[in-house]
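Chemist: Supplied in structure tokens, the structure appears directly below.
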Amino acid sequence: AQSVSQHNHHVILSEAASLELGCNYSYGGTVNLFWYVQYPGQHLQLLLKYFSGDPLVKGIKGFEAEFIKSKFSFNLRKPSVQWSDTAEYFCAVYKAAGNKLTFGGGTRVLVKP
Amino acid sequence: DVKVTQSSRYLVKRTGEKVFLECVQDMDHENMFWYRQDPGLGLRLIYFSYDVKMKEKGDIPEGYSVSREKKERFSLILESASTNQTSMYLCAISFPGTTVNTEAFFGQGTRLTVV
């Protein structure tokens, strides 16, 4: 079965620190990859997405992610976090064969002011 | 703006009741999904549908069923609600395929409590 793994459940860091969240998936076929963010009390929002082309994608709020096909990974990064980045982050993989969209378990990020 | 509307924000039901959660979209997207979101477990896929009257089991379909009689509406049914189905339920929509934008759009969620 297709699975999506996020390595960290909780991350605590200070403002201006760099952030990297890992995401690995198990499916080897054609996929689309996403990172979503959920701020406290709010809906899920799309941060960025990868369909094809340049494996380094840039999203909103200074986030970027790199797709490494050989490692089945799509890690999220931000060079310098702000207190407002406190949220839960979800990696998601869409598999065209089967139309299935699967999420990882999420990573709660707390940025200390 | 894409609109995905879930019929209720909050629901409280008794154990054994039949519960209907409704999701309606106005964007003509083929794919519709039902997830439940629980702390530490992320979003787990219950059922999804890629066309009218078509449905596929997700990762945790037990205790649930779905109905899609019209393209814009996807219903999640708890045949006999149990306390372990207390959760936040999220509906999502997307286009199929990988050559178009398959970004998923979410409803606001329904927080269901089964007592």
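The values are calculated or read from the model by the stated rules, or taken from the named source; none is laboratory data. This one's a predicted model, so the numbers in the text were calculated from it and none came from an experiment. Ideal geometry is used to build each Cβ from the backbone, glycine not excepted, and the neighbour counts take in all protein chains shown.
Chemist: Answer yes if at least one residue in region A:96-107 is among the charged types (D, E, K, R) and assigned to a helix (DSSP H, G or I), and no otherwise.
Modeler: no
Chemist: Let me ask another. What are the residues in region B:85-111 that are modelled with pLDDT of 95 or more and either assigned to a strand (DSSP E or B) or out of contact with any Gly (no Cβ under 8 Å at 6 or more places or on another chain) (or both), if any?
Modeler: Across region B:85-111, the qualifying residues are B:Thr86, B:Ser87, B:Met88, B:Tyr89, B:Leu90, B:Cys91, B:Thr110, B:Arg111.
Chemist: Here's a follow-up. In region A:51-79, what residues are closer than 15 Å to A:Val4 by Cβ and in contact with a Leu (Cβ under 8 Å, 6 or more places away or on another chain)?
Modeler: The answer is A:Ala65, A:Phe67, A:Phe74, A:Asn75, A:Leu76.
Chemist: Being surrounded by fewer than 19 Cβ atoms within 10 Å (Cβ to Cβ) and either part of a loop (DSSP other than H, G, I, E, B) or without any contact (Cβ under 8 Å) to a residue 24 or more places away in the chain (or both) is the filter here, so list the residues in region B:74-83 that pass it.
Modeler: Across region B:74-83, the qualifying residues are B:Glu79, B:Ser80, B:Ser82.
Chemist: Then there is this: Is one or more of the residues making up region B:82-104 among the charged types (D, E, K, R) and more than 22 Å from A:Tyr50 (Cα to Cα)?
Modeler: Within region B:82-104 (the criterion being among the charged types (D, E, K, R) and more than 22 Å from A:Tyr50 (Cα to Cα)), the answer is no, since none of the residues qualifies.
Chemist: Look through region A:63-108, keep the residues that are away from chain B (no Cβ under 14 Å) and of a type in the set (Val, Ile, Thr), and return whichever of them is farthest from B:Tyr47 (Cα to Cα).
Modeler: A:Val81
Chemist: For A:Tyr25, all conditions in the list (1) surrounded by fewer than 20 Cβ atoms within 10 Å (Cβ to Cβ); (2) within 14 Å of another protein chain (Cβ to nearest Cβ) hold save one; what is the number of the exception?
Modeler: (1)
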